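Notes follow once the structure below has been shown.
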């Protein structure tokens, strides 16, 4: 037990080896062994314990400013925490450097380092993933007529064209995609498409001359 000035005086200590443990609120404890051969002064230096803080994450749509209710937060690589109406509160966070990652369906994820010094609120803005509607119109290359029995493979997924030779794909993410259009007795047509917005793509299929020869 120390006095008001952080000093403890212990008398009548036997010579020889001893151990001490010093502790104080908000400090890391210190312990050591020492040898007593006479009256002496021991100076013990305590380091402050890392302080704890509360972090509040407010997760918003970067375009509307509205809170994103289905967002999740990963802090220091630990399990994601579901948000409550776009807010995540983390308590008892030690001061120092940390990392976080925020994600939500239909939004681009965000990750960054954060230096915690005291309780604070962090506003995280997520950018919506833009999507487009693609309309594929599959026609005969010679007559321009729509091919009713056409098939479209888009990013490996096959879709049958409607009676009007049309395939409509909604909620397509922007970026590069691959497609293959085909139909009976016609040469398939494949290409890579860079989607930057909603658009209509007309695909012209030529008749397969080898197939026509076999039919004759």
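The values are calculated or read from the model by the stated rules, or taken from the named source; none is laboratory data. Since the model is a prediction, treat every value here as computed from it, not as a measurement. Here Cβ is always computed from backbone atoms with ideal geometry, including for glycine, and neighbour counts include all displayed protein chains.
Below is a table of values for the structure above.
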quantity	calculated
Condition check for residue 6: within 30 Å of residue 108 (Cα to Cα), part of a loop (DSSP other than H, G, I, E, B) and free of Cβ contacts under 8 Å to residues at least 12 places away in the same chain	no
Any hit, the stretch 115-131, residues being at positive phi, in contact with a strand residue (DSSP E or B) (Cβ under 8 Å, 6 or more places away or on another chain) and at pLDDT 90 or above	no
Neighbours by Cβ (under 7 Å, 6+ apart or cross-chain): first from the stretch 180-198, without any contact (Cβ under 8 Å) to a residue 24 or more places away in the chain; second part of a loop (DSSP other than H, G, I, E, B)	187/206; 187/208
Test: residue 195 is surrounded by 15 or more Cβ atoms within 10 Å (Cβ to Cβ), within 30 Å of the chain's Cα centre (by Cα), under 30 Å from residue 66 (Cα atoms) and assigned by TED's automatic domain parsing to the domain that holds residue 96	no
Every residue from the stretch 45-86 that is surrounded by 14 or more Cβ atoms within 10 Å (Cβ to Cβ) and in a loop (DSSP other than H, G, I, E, B)	46, 49, 51, 62, 68, 71, 80, 83, 86
Criterion (under 21 Å from residue 61 (Cβ atoms), in contact (Cβ under 8 Å) with a residue 40 or more places away in the chain and either touching a helix residue (DSSP H, G or I) at 6+ places or on another chain (Cβ under 7 Å) or not assigned by TED's automatic domain parsing to the domain that holds residue 74 (or both)) met by exactly one of 121, 173, 135	173
Hey, residue 102 assigned by TED's automatic domain parsing to the domain that holds residue 160 and in contact (Cβ under 8 Å) with a residue 40 or more places away in the chain or not	no
Filter pass, residue 112 being part of a strand (DSSP E or B) and surrounded by 13 or more Cβ atoms within 10 Å (Cβ to Cβ)	no
Top-ranked residue of the stretch 138-151 - restricted to ones that are in a strand (DSSP E or B) and touching a residue at least 40 places away in the same chain (Cβ under 8 Å), ranked as nearest to residue 110 (Cα to Cα)	138
